[in-house]
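The block underneath contains the structure these notes are about, expressed in structure tokens.
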Amino acid sequence: MHIAVVDFDKCHFKKCRQECQYYCPPVRNDIMTVDFREDGYPAIHEELCLGCGICAHRCPYEAIKILGIPEREEGEEVHRYGENGFALYGLPSLEVKGIIGLLGQNGTGKTTVMNILTGTVIPNFASSDGSKENVVDHYKGTYLGDYFRNLYSGKINVTLKPQYVDLIPKYFTGSVKDLLSQYGDSVMQILSDIGVGGIMDKDVKKLSGGELQAVSIAAALLKDVDVYFFDEPSSYLDISQRLRIARVLRNLSERKKVVVVEHDLAILDFMTDFIYLTYGESRAYGIVSNSYSSRVAINTYLEGYIKQENIKFRDYEIKFLKKPAEIDHSIQPIVTWSTMKKSFGEFSLKINEGVLRKGQVVGVIGPNATGKSTFVKIMADELSPDEGSISNSVKTSYKPQSPDSDFNVPVLEFLEETLGDRVSESSFKNEVMKPLNIESIGETQVSDLSGGDLQKVYIARTLGKDANLYVLDEPSAYLDADQRMIVARMLKRFAENSMNTVLVVDHDIYFIDLISTSLMVFSGKGGVTGETAGPLDMKDGMNMFLKNLNITFRRDENSKRPRINKPGSRMDNEQQKAGEYYYY
């Protein structure tokens, strides 16, 4: 079975309208496989298409995809976004007990699934007009049939915590209290449970990414509904806050149904009971798997092969190191510093002496608002310490936490404006642009990019600048688990090949585990005090960090990935007693 997909963002039909038809052998034999829509874009009629793929290979803009997909039972094509648009196969059933997770590559249908289950999108089964009556009739006699009938009739209510929380300030003006008080009276209690109780009087436009995420989650929790949907609730939150959210959602699931899309695998594993995997071809089609226990589903995802369904959806396995990386002290330093101090009003930061070495990726971890950005600005000579000094200023390139998307220019033009000829250099293309798949979105307007694609563009833009120290703040935000692993490998190679230093500020433990050769650990009270340690060996750094949080990790016996121990469990008590919080 095959489907045809046309990416209209890449299509240049005005330049090559006739070639679209010439590429296709059936058309040359007077079989009208390729036609043109009223807006001028090509349309490939799948019932006549041979699936040969010649047109896809010939198209100079890579706008056409002819894809073979696993055979699905008739009726499993749940929704399709128009002719040659994205197709979704299957839906998760909400019948299973506990928190349900969705895990898969971006562009394989997770958001479409959420929109269908919340009633925002009405399934059309690729042939009907997408009426609610057709949906209820299609699933008649199943749990989903009852669910959709009750959803459409208003007998059950739902709420969705959206993915892109950084859009909130564009649509709301006022304080956090003004925003949240419209949803209920228990605002303070919920914000306290999440761990951000002191932001009630803050202006929404001045909130950090983590604070916006917390406000968005609180808004959803304040609503009294039957089913709660959370799309990437952990982005921008530190690990302590992520665990708080996970515990809040687990408590909620005891009386309500909860569905979560999440790419932080450690938190997803800790939070959920069952997971549905989505796989397919990004932006072309997505298939929803059967449900599996969280441990089995995540191990299956890392392996790239669903044994129970005999489906291989990735040609490589994601693996974790059994032993932690250690600092090579023979490598030449790029910068050293003595003990430094810096204060801003009520906040004070102590930066203990340390050294950054060439060719290394240094993970930066710690609670939010404990001085990580201040440290970076001091390293870049944008701020001066009140006490102490660094040996020499270093040329720094910085990727902010929340990249700006307000640019109405194509991606390649946007990069060329900043990087010039660097964009076309073969080494930069091979080391950075290709792994990030930038050229596939080169003609897309920056303002039209998804959160994940925008993140990748800014990573490329940061690494393309001439610098000695590259600083990436939350590079994993909005990237799916696969993309996080690709970025981790790319950054390690970039640091080693260029012999420059990369500082990565992130809260995804798996991402930090894969990327880091050493760790800088921040501790303190958010917005009040901060103190640094390191860079340290991975083992020492992780033990210090997790001890501060009173969390231990064990290693999965099959995949060797870290898994959060249940507080007070035998493994948790044993590891705390041994002082081994991460590598055991």
Checking V158 against (1) in contact with a Ser or Thr (Cβ under 6 Å, 6 or more places away or on another chain); (2) under 23 Å from S294 (Cβ atoms); (3) open to solvent by 20 Å² or more (accessible area, probe 1.4 Å); (4) at pLDDT below 95: exactly one of these is not met. Which one? (4)
Residue in the range 532-551 that is surrounded by fewer than 20 Cβ atoms within 10 Å (Cβ to Cβ) and either of a type in the set (S, T, Y) or closer than 24 Å to Q455 by Cα (or both) present: no
Among residues of the range 330-349, those that are in contact (Cβ under 8 Å) with a residue 12 or more places away in the chain and under 23 Å from M538 (Cβ atoms), counted: 7
Y582 meets each of (1) surrounded by fewer than 20 Cβ atoms within 10 Å (Cβ to Cβ); (2) outside any helix (DSSP H, G or I) with one exception, condition (1)
What's the number of the only condition in (1) modelled with pLDDT of 90 or more; (2) among the β-branched types (V, I, T); (3) crowded, with 18+ Cβ neighbours inside 10 Å that T418 fails to meet? (3)
Can you work out which of the residues in the range 271-289 that are surrounded by fewer than 22 Cβ atoms within 10 Å (Cβ to Cβ) and modelled with pLDDT of 95 or more is nearest to F125 (Cα to Cα)? F274
Find the residue count for the range 518-531, including only residues that are open to solvent by 30 Å² or more (accessible area, probe 1.4 Å) and of a type in the set (S, T, N, Q). 2
Helices (runs of 4 or more DSSP H) contained in the range 92-183 and holding at least 1 residues touching a helix residue (DSSP H, G or I) at 6+ places or on another chain (Cβ under 6 Å) and in contact (Cβ under 8 Å) with a residue 24 or more places away in the chain: 143-153, 168-171, 176-180
Hey, any hits in the range 305-323 for a residue that's of a type outside the set (S, T, N, Q), in contact with a Ser or Thr (Cβ under 6 Å, 6 or more places away or on another chain) and more than 30 Å from A87 (Cα to Cα)? no
For the range 450-465, check the following and say yes or no: at least one residue is under 23 Å from D381 (Cβ atoms) and in a loop (DSSP other than H, G, I, E, B). yes
Conditions (1) closer than 30 Å to L91 by Cα; (2) open to solvent by 10 Å² or more (accessible area, probe 1.4 Å); (3) at pLDDT below 90; number of the one not met by R295: (3)
Which residue out of I441, I390, I459 is open to solvent by 10 Å² or more (accessible area, probe 1.4 Å) and β-branched (V, I, T)? I390
From the options L503, L469, residue that is in contact with a strand residue (DSSP E or B) (Cβ under 6 Å, 6 or more places away or on another chain) and within 30 Å of G107 (Cβ to Cβ): L503
Test S476 against the stated conditions and say whether it is more than 16 Å from the chain's Cα centre (by Cα), buried (at least 19 other Cβ atoms within 10 Å of the Cβ) and among the hydroxyl-bearing types (S, T, Y). no
Expected single match for of a type in the set (F, W, Y) and open to solvent by 30 Å² or more (accessible area, probe 1.4 Å) among F86, F172 is F172
Kindly indicate which of K323, K319 is in a loop (DSSP other than H, G, I, E, B) and under 19 Å from D540 (Cβ atoms). K323
Scan of the range 372-397 for residues that are hydroxyl-bearing (S, T, Y), farther than 13 Å from M340 by Cα and assigned to a helix (DSSP H, G or I), ordered by number: S373
Residues of the range 489-517 classified as crowded, with 21+ Cβ neighbours inside 10 Å and among the small types (G, A, S), total: 2
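Here is a yes/no grid of residues against (1) of a type outside the set (D, E); (2) open to solvent by 20 Å² or more (accessible area, probe 1.4 Å):
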residue: N299; (1), (2): yes, yes
residue: G304; (1), (2): yes, no
residue: P333; (1), (2): yes, yes
residue: E346; (1), (2): no, yes
residue: K350; (1), (2): yes, yes
residue: K358; (1), (2): yes, yes
residue: S373; (1), (2): yes, yes
residue: V394; (1), (2): yes, no
When you go through (1) among the hydrophobic types (A, V, I, L, M, F, W, C); (2) closer than 23 Å to Y279 by Cα; (3) touching a residue at least 60 places away in the same chain (Cβ under 8 Å); (4) in contact with a Pro (Cβ under 8 Å, 6 or more places away or on another chain) one by one for V487, which number turns out not to apply? (3)
Restricting attention to the range 89-105, the residues that are surrounded by fewer than 17 Cβ atoms within 10 Å (Cβ to Cβ) and of a type in the set (V, I, T) number exactly 1
Tally the residues that are among the polar types (S, T, N, Q), without any contact (Cβ under 8 Å) to a residue 40 or more places away in the chain and either in contact with a His (Cβ under 8 Å, 6 or more places away or on another chain) or surrounded by fewer than 20 Cβ atoms within 10 Å (Cβ to Cβ) (or both), restricting the search to the range 552-577. 3
Check L237, L268 and return the single one that is crowded, with 24+ Cβ neighbours inside 10 Å, under 21 Å from L546 (Cβ atoms), under 17 Å from the mean Cα position of the chain (by Cα) and modelled with pLDDT of 95 or more. L268
With the checklist (1) modelled with pLDDT of 90 or more; (2) open to solvent by less than 20 Å² (accessible area, probe 1.4 Å) in hand, flag the one item M485 doesn't pass. (1)
Among (1) closer than 18 Å to A284 by Cβ; (2) at pLDDT below 70; (3) exposed (fewer than 13 other Cβ atoms within 10 Å of the Cβ), R28 falls short only on (1)
Just give me the residues in the range 403-415 being under 23 Å from the mean Cα position of the chain (by Cα) and open to solvent by 50 Å² or more (accessible area, probe 1.4 Å), in sequence order. D404, D406, F407
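The values are calculated or read from the model by the stated rules, or taken from the named source; none is laboratory data. None of these values were measured; they are calculated from a predicted model. Note: ideal-geometry Cβ built from the backbone for every residue, glycine included; neighbour counts use all protein chains shown. The area values use the complete protein model at the heavy-atom level, side chains included, leaving out ligands, DNA and RNA. Shrake-Rupley method; radii C 1.70, N 1.55, O 1.52, S 1.80 Å.
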